[in-house]
Structures are given as structure tokens and as C-alpha cells.
Number of protein chains: 2
Amino acid sequence: MSIKLPKGTRDFFPPEQRIQNHIFDTWRQACIKFGYEEYEGPIFEHLELYTDKSGDEIVQQLYYFRDKGKRELSLRPEMTPTLARMVNLKGAALRKPLRWFSIPRLFRYERAQKGRLREFFQLNLDIIGSDSIYAEADLISAIVSMLNDFGLKADDFVIGISSRELLATWFAEIGIADPDKVYPVLDRRAKVSPEVFRDNLNELELNAEQVQLLDDFMLCTSLTEIEKLTQKEASQKALADLKQLFAVLEKAGIAESIQLDLSIVRGLAYYTGIVFEVFDCKRSMRAVAGGGRYDSLTQRLGGSKVPCVGFGMGDVVLADLLEERGLLPSPQAEIDVWLVSFGNDMEKIFSIAAKVRKMGLSCSHILSPTRVGKQLESANIAGARAVIFVDGDRAPEGAFEYKIMETGKQSADSLANIVKEIK
Amino acid sequence: MSIKLPKGTRDFFPPEQRIQNHIFDTWRQACIKFGYEEYEGPIFEHLELYTDKSGDEIVQQLYYFRDKGKRELSLRPEMTPTLARMVNLKGAALRKPLRWFSIPRLFRYERAQKGRLREFFQLNLDIIGSDSIYAEADLISAIVSMLNDFGLKADDFVIGISSRELLATWFAEIGIADPDKVYPVLDRRAKVSPEVFRDNLNELELNAEQVQLLDDFMLCTSLTEIEKLTQKEASQKALADLKQLFAVLEKAGIAESIQLDLSIVRGLAYYTGIVFEVFDCKRSMRAVAGGGRYDSLTQRLGGSKVPCVGFGMGDVVLADLLEERGLLPSPQAEIDVWLVSFGNDMEKIFSIAAKVRKMGLSCSHILSPTRVGKQLESANIAGARAVIFVDGDRAPEGAFEYKIMETGKQSADSLANIVKEIK
């Protein structure tokens, strides 16, 4: 009997885990650079946290189960409901605005395919308790900064910015009554055939003129075009917000990474204002990140109304993009020191290893008698920067023979001096 | 409607998450210092990975469910079966011995109580593919080193070392046929009343003399005592191993942190040799860590026989112990720079923030117009090391007023010089 890895999940052997850690570390450092504080929640939540609030698509993908106490639970498909629950729990005791981040593991039962797995990691950044457009600006600045930290340049990615508030005024203008039903259909546009998309619009009972007017609007590439199209009064606030956002992001030096893109609507039900998505410039992959403003979620979960804005960036598409651009780190292991013993003197090895580590270096060695040639081979595989021979007989009393791997330099010195040289 | 945190799980608000990160970072650095490589696996596995192999207690505590594809899955209650599955998957392609670590989240449905939660984190260190006692020595050295890194001293904790191999020879000598049935009962001894313990032994049909002989053996505190008690021939290898282990750990400088303790048997079914547990010296808490040798698990999971030894250290008891000893880090947030604007000039704030971060400092600021007094208050709450005033009018052209919070020093200088001073 051989038991398999569950479908849509991953094993991370050390070379893959080094890549994961590179992604997590870069994410975390970027968040800290922007003053965001890390939080976490449980892997599963009460099922009702998701039903009716996250949107149909996600609810259909839930991993739900009953525990032995008959509770209806679900593995978390996204982090935002947990965040809203936590914010409601502490209420006014949390001094807002909060800038928080998390790197949750998430679970969605969907068809496993390129860029989509059933279990994945997702960086979440959120600003809780600010209705200012500068909250959006802070988040978008952080996205650009962290993608730059990964080595991605302005011509590798673009952040498309849209506004559900603006879209809603247009929907009202062209006679679409319930925008919440239109967003999921528009969001799936790129993922389905033109025929399926047309069928979905028909189900919403939009007429040909409305569809055309929708298209006209969503293909506008500048605020000036939109101003010509819309009744300026109804869309005034949404337009002013977008203007302020683009102006401040220009001052933050990232104008070339952003563009207006009203074809972005996002699939989740709870967005209420600005929404945005990050794509590789060729648009050959799924979105690298996406998010937006959601001002009513805490209220829908039984708390008071708290304006929020946030985004998620998954590890799978990001890693694909970094790999394509040759920006992933080497999967090679690394260690400072490998100890070698000619006489397989295990007690001496353990004694010297303890000393080397106390001096601040990482250090490893054989665990049972092994030929010296094989010990040196192990040093190479472990990526050792230096080898110290614990019982070489050519070193003076109190000194050790050693070899620096990169330069091939061989010499003998006291342990303290060798450690100093390697550091 | 207010939705609650699921029972036995935790929310980690930023102050608690800082403590978690301290634990994870210290664990990770200690493992790297010993040359262990990190791996990870999926949060859930096929149910059959656990049934029959992990021991009854854990199987009764599984969170299992069927996914939408009718697969029987279980949240992982421990990491070792995943590790064994991964080792079997790559087989001979993995150059052994492997020194691997992981920090999995684990799930056990049990009564939530002090030191026990239904969802927790556990550091796992394992050596795969070595039957040498020096593998045990490497792991035990790593435990002592990492507990020292947390600030715990030799008189804070003790590692009790035992041997199932040695216990098995004694069981045979005193006529106990099936040691595998006895281990779980002995393991629960400290957790149940003397009456329940006696009842459990009676269920195993041990007579009074056998129980007495068991006690005599398990209370031995030195190898010399054991040698007097046992038929030396049968127990020769197990005794020699223990002797070698204590000798090499003495050379590694950690003799005062270890002791022979044959009352330790461990609950899990798959241990075959040395077993050990780490306790606080007062033994007022559950075990901080526990592990041992398991040479047959890969084989029982359908692979070839690979000798393994490993241990797990949970975050919950460790954090309790560190808190009791006053060794937890401050939960206070920290940031390098907080920007303050007298004129609430948001565009200037975003422009300077981008510059400060590019110079390598962490930096944050308000998101909407705010009185200066409140901006300074926010700087304090964020734990800012310095405040830079982006539009102070007392600074010369091209310079900025700033304040170093710790010393109260106020001055004005170029951004580059201020950043240099704060770094």
C-alpha cells in the first residue's frame, strides 16, 4: 500500500521550501517596511462565517465538515471573514486605522490547474477603519514595493484599478437594477468563452443596448473619457476618489505601474468601492493579486460598520511569474561549516560542533563512521562554506586544519580565528 | 448574529503573533544552526495515513471528513506520517541521512485545557536514514541549544531519556508478551488516577509481581542499577547505545540537561528504540517536547525500511513555560520612522515615505487629515524610533525636522543623514 498526496495539494521538499521561504520572507519584510502588523487566525471557522457573505463561487468550493461535537466547520477559503470576525470581537478596543497583514493557508475545492491549487498560501494586507482613498494608496504602494523586492520591474507587471462605486452609478444610468448580480458574471468574462459570457448576460436579462453600453464604459482608459460618458453628478465622489488616488500614487513614484481598468470588477460579493488586480504585463497568467474596498463586511457579520480595504496575493501565480522571469532563488542548501574527522572520532566531532555553534556559525557533520572522501562529498551537498578537520595531525597544538570551499584555500588556525574568517 | 472563534483554536492579534513569530524564528534559527533543512506538507492527508499507524489515542482525535470528490481526508494530527510518506515517495533519490525540520500546524479533537488545544503548532526535527545513536545525540543537542536560545537554563528543564528496546527486553524477562499494549497504559500513568492506572494494568492481565517488577525497573536512575537487574545478554545492545549516548552528550557539554528516565515510554505506537521527553524542572507542566526512534514507519506505509528518529515540540506548553520564566518578548509594536505633516499634505507624505523606505527603513503615517498631536500619539503607539516632519517650516531648504524618540533629541538635517542616524 502506498498512500498518495491529496489531489490539489503540495509537498514541499527542502528545495521547494527554500523557494516558499523566500516568498514568505520577502512578503513579510515588505509589510514590515510599510508598518503593517502580522496577525493569524484558525485554519477552520464556523461554516456560517462564509455562507451568504463570500459569494456563491467560494461557498461552492468550501471544504466543510462536522467535528465530533457536531459543529459545522469549514477550512478557510479566504482570510477576510476571519479578519472581520476578529475586528468585531475586539471592537472599539482596537485603535483604528489598523494596518494588518497575514500569510494564511487557504483551501478551495476547485479543479486543480495551472495557477490554481486546492491548498495555497496568500498574503493578505488590510487597512481597517479608514474610509480615506489614501488607504487604497498605501496598499497599492506596498504591492509595487514588494514586487520590486522580488526583482520584478515596472514592465513586468501592471496594477489595474477600477471602482465598483463608479460602475454602480453607470449601471443605474443604463437601467441595470442589481449590480451585485452582474459583478460575478463580468468577473468571469476572461475565464469563459464569449458564448458562455453572452448566455450569462442573457440570464441577467440585459438587452443588447445595455451590453453595448457596459462595454463602452468598461473599455474607457482615462478618467476624461468617463467624465464625457457619465452624468457627472451621480459619479462625482467615485471620480474624485480615483483622481486623488492616481495623483498620490504618482507622487509615490509608481505612476508607471498603475492604470485605469474598469473591466476589473472582482468576484467576491462584499466589495463596495475601489477594486484592483495585479497582472503580469503579458496577461498570460491569472491575476497575481487582487483586492478592494469592503465597507460593510463587519456589519454583515454582526458588528458595527467599519470601512476596510485590502488585497490578497497568492503564492502559486507569483512563483510561476518569478520562475518565468528567472527570479527564484537557488534551491541549493547552505551551511557555514562541515566538520570532518579522519579517525571518525564522534565525541570530538560533537565537542567541536557545540563550540562552533556557540561562536555563531551553523555546523553539521556525519552521524556514523564514514570515509573521509564521502564526508567531503556530504560537505559539498550541504553547501558548506568551509570544512574544519577536527583531528588532522598536520595542525599545531590547539589549532585545526580547515578549507574554504569557494577559494580552495587550505590552512590551519585556532577555532576562534577560523570562525572569524568564515563569518 | 455574532460568529465565534471555534473551540480549542486561537486568534493571534498582532501582540500574540509577535510572540508566535519569536517562537518560530528561534526554532528555525536553531535548526539552521544544526544544518537541518525545512520541509512542509499538506494540512490534510488521506485518512488511511493515520489509521492503524499512529496509535488509538490519536486516531480517536482525528478531524476527518469527505471532500466533494468523496475522498476520506483528515487534518493532520502529527507530522511524522506525512514525513514518512514523502520519504517513501522519493525513495532512494533522497541522499540519506537527511536532517529535516518542519513547523506544522496540527489538529487533534480533544478536551481543550491548559497546555492542550485542538489546533497548535509543533516544531518537528527528524533524522531519516541513520540507525546510529549519534542521530539521537544530534537531536538532543539541538533541543538543549534551542531551549538555551529561548533563554532557558540548565536548571529550567531536563531531558529524560529512555529506551523501548531496553524496556522490551525487561518485559520479555518478566513474562509480558505484548509490549505494544503496555506502552500506552504506562504513558498515561501521570495523566490518570492510581486507581485507573491499576485498572488498566489489570485489563492487560499483569499480576501483582509483574507490576512490582515493572516499577522496580522503571524507577532505576542509573545504567549500573539496570545492569544489576537485567540479563545483560538480552539487553546488551540497548545498554551499549544508552552508554554511548550519555558519553557523547557529555562531550557536547550538556550532561547537566539530561537524565536516564525509564518511566518515559511515549504513547505513539511506532517507536522502536530510544525515546525521550523534555520537562520543566518542576514537572508542573506537560512535556515541552518528546520523541524517539521509529525504524519501521516507512515500511508500514508501503516503502522500504528506513531507520528514523525525531521529536516534536509544541508551541503551547513552550509559551507557557517561557511566560512563567519571564522570557517572552515585549508585545510592543516597532517601526523605524513615523512621518508627521503639519499641513496634512498627503502627497508630500507619500512621496517622502517612498524615499525613506527605499533607503531601507520601515515607515508609516496617517491616512487622512489628523491633528499633529494625534499624529504623534500614533507614532508612539506604533513604537516609532523617530518622527520626521515632512513639512516643518523651521528646517532649511532641502532639510527636514526630526525627533529621536528614545533620547528626545530634536534637530533638522537632510533625509539621507537622518536615515543614517536612525539606522
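Shortest first, B:E421 label-point distances to identical copies amount to 4.2 nm, with the label point at 7 Å from Cα along Cα→Cβ.
Starting from the Kirkwood Rh over alpha-carbon pairs, what translational D in µm² s⁻¹ does segment A:316-423 have by Stokes-Einstein at 10 °C and 1.306 mPa s? The diffusion coefficient I find is 106 µm²/s. Size descriptors for segment A:54-112: radius of gyration and Dmax over Cα atoms are 14.2, 42 Å.
Sorted into 5 angstrom bins from 0, the C-alpha pair distances of segment A:180-222 split as 5, 22, 31, 29, 10, 3, 0 percent. Of the listed pairs B:K355/B:K420; A:K33/B:K33; A:K33/B:K358; A:K374/B:K90; A:K4/B:K90, which have alpha-carbon separations greater than 20 Å here? As for pairs spanning more than 20 Å Cα to Cα, those are A:K33/B:K33; A:K374/B:K90. Checking every one of the trypsin sites (Lys or Arg not before Pro) in segment B:251-301 against DSSP loop status and a limit of 15 other Cβ atoms within 10 Å picks out B:K282, B:R283.
With each label modelled as a point 7 angstrom along the Cα→C-beta vector, the A:D215-A:S368 pair spans 7.2 nm.
Between A:A208, A:A354, A:A112, the residue with the greatest mean-square fluctuation in the GNM of chain A (Cα pairs under 10 Å linked by springs) is A:A354. Neighbouring Cβ atoms from other chains, within 10 Å of the Cβ of residues in B:249-260, number 3 on average. Taking every residue in A:38-50 and counting other chain Cβ atoms within 10 Å of its Cβ, the average works out to 6. If you count Lys pairs in segment A:183-266 whose Cα atoms are under 25 Å apart, skipping same-chain pairs closer than 8 places in sequence, the total is 5. For chain A, a Gaussian network of Cα nodes joined below 10 Å ranks A:S257, A:S102, A:S351 by mean-square fluctuation, and the top entry is A:S351.
Sparsely packed loop sites in segment A:303-370 (the trypsin sites (Lys or Arg not before Pro) outside DSSP H, G, I, E and B with at most 12 other Cβ atoms within 10 Å) comprise A:K305.
Taking the Cα atoms of segment B:346-387, the ratio Rg/Rh between the radius of gyration and the Kirkwood radius comes to 0.96. Given a Förster distance of 35 angstrom, what is the FRET efficiency for A:R95 paired with A:D25, based on the Cβ-Cβ distance and rounded to 0.05? My answer for the efficiency is 0.75. One way to sum up the overall shape of segment A:223-274 is the equivalent ellipsoid from its Cα gyration tensor, whose semi-axes run 19, 17, 11 Å, largest first.
Of the trypsin sites (Lys or Arg not before Pro) in segment B:10-45, not one is in a loop by DSSP (not H, G, I, E or B) with at most 11 other beta carbons within 10 Å.
Charged neighbours of A:K409, selected by a Cβ distance under 14 Å, balance to -2 (K, R count +1; D, E count -1).
Distance from the axis that maps chain A onto chain B is least for the Cβ of the chain A residue given, with the whole Å value, as A:F65, 2.
Between B:E324 and A:A112, the simple label model (points 7 Å from Cα in the Cβ direction) yields a spacing of 4.3 nm. Think of each Lys and Arg Cβ as +1 and each Asp and Glu Cβ as -1; about the Cα centre, that makes the dipole of chain A roughly 1260 debye. The mean count of C-beta atoms from other chains within 10 Å of the C-beta of residues in B:148-158, rounded to a whole number, is 0.
I need the Debye-formula profile for segment B:197-349: one equal scatterer per C-alpha, no solvent, reported as log10 I(q)/I(0) at q = 0.10, 0.18, 0.20, 0.21 1/Å, two decimals. Computed log10 I(q)/I(0) values: -0.57, -1.35, -1.44, -1.46. A Förster radius of 30 Å combined with the Cβ-Cβ distance from B:R283 to B:K7 puts the calculated FRET efficiency at roughly 0.60.
Across the copies of the chain, B:G326 has label points (7 Å from Cα along Cα→Cβ) spaced 5.6 nm apart, shortest distance listed first. For A:K114, a cut-off of 12 angstrom between C-alpha atoms picks up these aspartates and glutamates, skipping any fewer than 8 places away in its own chain: A:D320. Of the residues A:P77, A:P396, A:P307, the one that moves most in a GNM of chain A with alpha-carbon contacts below 10 Å is A:P396.
Along chain A, the exposed loop sites are GluC sites (Glu not before Pro) outside DSSP states H, G, I, E and B with at most 11 other Cβ atoms within 10 Å, and the longest stretch free of them is A:1-204. Using C-alpha pairs under 8 Å with a sequence gap of at least 6, the mean separation divided by the residue count of chain A gives a relative contact order of 16 percent. Translational diffusion coefficient of the protein assembly as shown (Stokes-Einstein, Kirkwood radius from Cα pairs, 25 °C, 0.890 mPa s): 82 µm²/s. Counting Lys and Arg as +1 and Asp and Glu as -1 over every other residue whose Cβ lies under 9 Å from the Cβ of B:R116, the net charge comes to +4.
With its label point defined 7 Å out from Cα along the Cα-to-Cβ axis, B:E205 lies at 7.8 nm from the matching points of the other copies, in increasing order. Note on B:S193 and B:E72: the extension gain reaches 39.9 nm, defined as 0.36 nm multiplied by sequence separation minus the Cα-Cα distance. For B:K237 and A:K423, what is the calculated FRET efficiency with R₀ set at 45 Å and r taken between the beta-carbons, to the nearest 0.05? Efficiency for this residue pair is about 0.60.
Find the percent of Cα-Cα distances in segment A:1-133 that exceed 18 Å, and round it to a whole number. The proportion of pairs with Cα distances above 18 Å equals 64 percent. The fraction of all Cα pairs in chain A landing in successive 10 Å bins from 0 to the largest distance is 4, 18, 24, 20, 13, 10, 7, 3, 1, 0, given as whole percents.
Computed on segment B:118-170, the Cα convex hull volume stands at 156 Å³ per residue.
Taken together, the values in this text are just the output of simple stated rules run on the coordinates, not laboratory data. Quantities reported herein were computed from a predicted structural model and do not represent experimental measurements. Note that we place each Cβ from the backbone using ideal geometry, even for glycine, and neighbour counts take in every protein chain shown.
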